[in-house]
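Student: Let me begin by handing over the structure; questions about it come next.
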Amino acid sequence: MRDTTAQSPDILCHVDRHDPLGDGISSVELVRVSGSDLDIVNAARVSFGKLCTTITERDVKLINYLIEHMHTSPLEHNQLSFRIKAPIFVIRQWMRHRMNSYNEISYRYVKAPLEFYIPPSWRYQDQNNRQASHGSFQDLELRNSYCVMLDAAQKTYEELLAAGVCRELARGLLPLCTYSEFIFTCNLHSLTHFLKLRLHPGAQHEIQQYARSLFALAQPHFPHALTAWQKYHGQSVV
């Protein structure tokens, strides 16, 4: 009879949602986990026909060695699924990470809820890095102009639908700061790659906040692996 004591069952996670952008709309929730640090150890030791049932200090050292030297295949025998609510411009950056699975709400099928991300402050364009920003400043007039355009988009969207225009066309005028929802499923190797890029100081501020939430929610399920990753390869997640 096959020994299954070392296999980690799927864990349905019921945790408080993170609000990474702090606006009461954005959210990250870990909805399912399959695997643990133990699965990493057993994937690495299968070459020697070994099977562990508990994590030992020797196993922790093995995890650290694997991650320090980027032996990443043992990190792929697990799965994490997150439910994300984010502005569309964040989602478009997110889905550039292609070695994952995604399913997003479709505004062809449903009417958009019309929730918008309004930045709490403005940032300057970085003069040395054309894709980055820096600093912070307030400008109430700019904020008002921003909100006027959002109100106009919302009103026109509603008018188009009321006139019988199909949802798949009416959605075309929705701005990139419109919130959308999707399921993001990855393994630990893919997650750490995402974190490495999106916690980098040059990454957009908003997606950095989502990356911090991903780390915080995943870390209790892979404490040794993610502690080692942060030690050897990670950016600050404070």
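The values are calculated or read from the model by the stated rules, or taken from the named source; none is laboratory data. All values derive from a computational prediction rather than experimental measurement. When we count neighbours, we look across all protein chains shown, and the Cβ atoms used for this are built from the backbone with ideal geometry, even at glycine.
Student: Being modelled with pLDDT of 95 or more and of a type outside the set (Asp, Glu) narrows it down to one of HIS200, HIS189, so name that one.
Tutor: HIS189
Student: Here's another thing I want to ask about it. Listed residues GLN154, GLN79; which is in contact with a Ser or Thr (Cβ under 6 Å, 6 or more places away or on another chain), surrounded by 11 or more Cβ atoms within 10 Å (Cβ to Cβ) and touching a residue at least 12 places away in the same chain (Cβ under 8 Å)?
Tutor: Among GLN154, GLN79, only GLN79 is in contact with a Ser or Thr (Cβ under 6 Å, 6 or more places away or on another chain), surrounded by 11 or more Cβ atoms within 10 Å (Cβ to Cβ) and touching a residue at least 12 places away in the same chain (Cβ under 8 Å).
Student: Pick from LEU161, LEU195: which is hydrophobic (A, V, I, L, M, F, W, C) and more than 22 Å from ARG92 (Cβ to Cβ)?
Tutor: Only one candidate passes the filter, namely LEU161.
Student: Just checking, how many residues over region 66-89 are among the polar types (S, T, N, Q) and assigned to a helix (DSSP H, G or I)?
Tutor: Counting residues in region 66-89 that are among the polar types (S, T, N, Q) and assigned to a helix (DSSP H, G or I) gives 1.
Student: Something else: What's the number of the only condition in (1) among the aliphatic types (A, V, I, L, M); (2) part of a loop (DSSP other than H, G, I, E, B); (3) farther than 30 Å from PRO20 by Cα that LEU62 fails to meet?
Tutor: Checking LEU62 against (1) among the aliphatic types (A, V, I, L, M); (2) part of a loop (DSSP other than H, G, I, E, B); (3) farther than 30 Å from PRO20 by Cα, the one that fails is (2).
Student: Given (1) surrounded by 12 or more Cβ atoms within 10 Å (Cβ to Cβ); (2) assigned by TED's automatic domain parsing to the domain that holds ALA228; (3) touching a residue at least 12 places away in the same chain (Cβ under 8 Å); (4) of a type outside the set (Asp, Glu), identify the lone condition not met by LYS61.
Tutor: Tallying (1) surrounded by 12 or more Cβ atoms within 10 Å (Cβ to Cβ); (2) assigned by TED's automatic domain parsing to the domain that holds ALA228; (3) touching a residue at least 12 places away in the same chain (Cβ under 8 Å); (4) of a type outside the set (Asp, Glu), LYS61 fails exactly one: (3).
Student: Taking region 109-135, which residues are more than 24 Å from the chain's Cα centre (by Cα), polar (S, T, N, Q) and surrounded by 11 or more Cβ atoms within 10 Å (Cβ to Cβ)?
Tutor: GLN125
Student: Filtering region 15-53 down to residues that are in a loop (DSSP other than H, G, I, E, B) and without any contact (Cβ under 8 Å) to a residue 12 or more places away in the chain, which residue is surrounded by the most Cβ atoms within 10 Å (Cβ to Cβ)?
Tutor: Looking only at region 15-53, we keep the residues that are in a loop (DSSP other than H, G, I, E, B), and these are 15-17, 19-26, 35-36, 49-53.
Those still in the list that are without any contact (Cβ under 8 Å) to a residue 12 or more places away in the chain too: 16, 19, 24, 49-50.
Working: ASP16: 8, ASP19: 15, GLY24: 8, GLY49: 6, LYS50: 10.
So the residue we want is ASP19.
Student: Still on this structure, I have one more. Within region 206-231, count every residue that is within 21 Å of VAL31 (Cβ to Cβ), outside any loop (DSSP other than H, G, I, E, B) and not polar (S, T, N, Q). Reasoning before the result, please.
Tutor: Kept after step one, since they are within 21 Å of VAL31 (Cβ to Cβ), are these residues of region 206-231: 207, 209-223, 225-226.
Keeping just the survivors that are outside any loop (DSSP other than H, G, I, E, B) gives 207, 209-218, 223, 225-226.
Subset that is not polar (S, T, N, Q): 207, 210-212, 214-218, 223, 225-226.
Number satisfying all stated conditions: 12.
Student: Report the residue count in region 175-193 for those that are over 16 Å from HIS77 (Cβ atoms), touching a Leu at 6+ places or on another chain (Cβ under 8 Å) and surrounded by 18 or more Cβ atoms within 10 Å (Cβ to Cβ).
Tutor: 2
Student: Might you check whether a residue that is surrounded by fewer than 17 Cβ atoms within 10 Å (Cβ to Cβ) and either closer than 22 Å to ASN103 by Cβ or not small (Gly, Ala, Ser) (or both) occurs anywhere in region 208-215?
Tutor: Checked against the condition, which is being surrounded by fewer than 17 Cβ atoms within 10 Å (Cβ to Cβ) and either closer than 22 Å to ASN103 by Cβ or not small (Gly, Ala, Ser) (or both), region 208-215 yields no hits at all.
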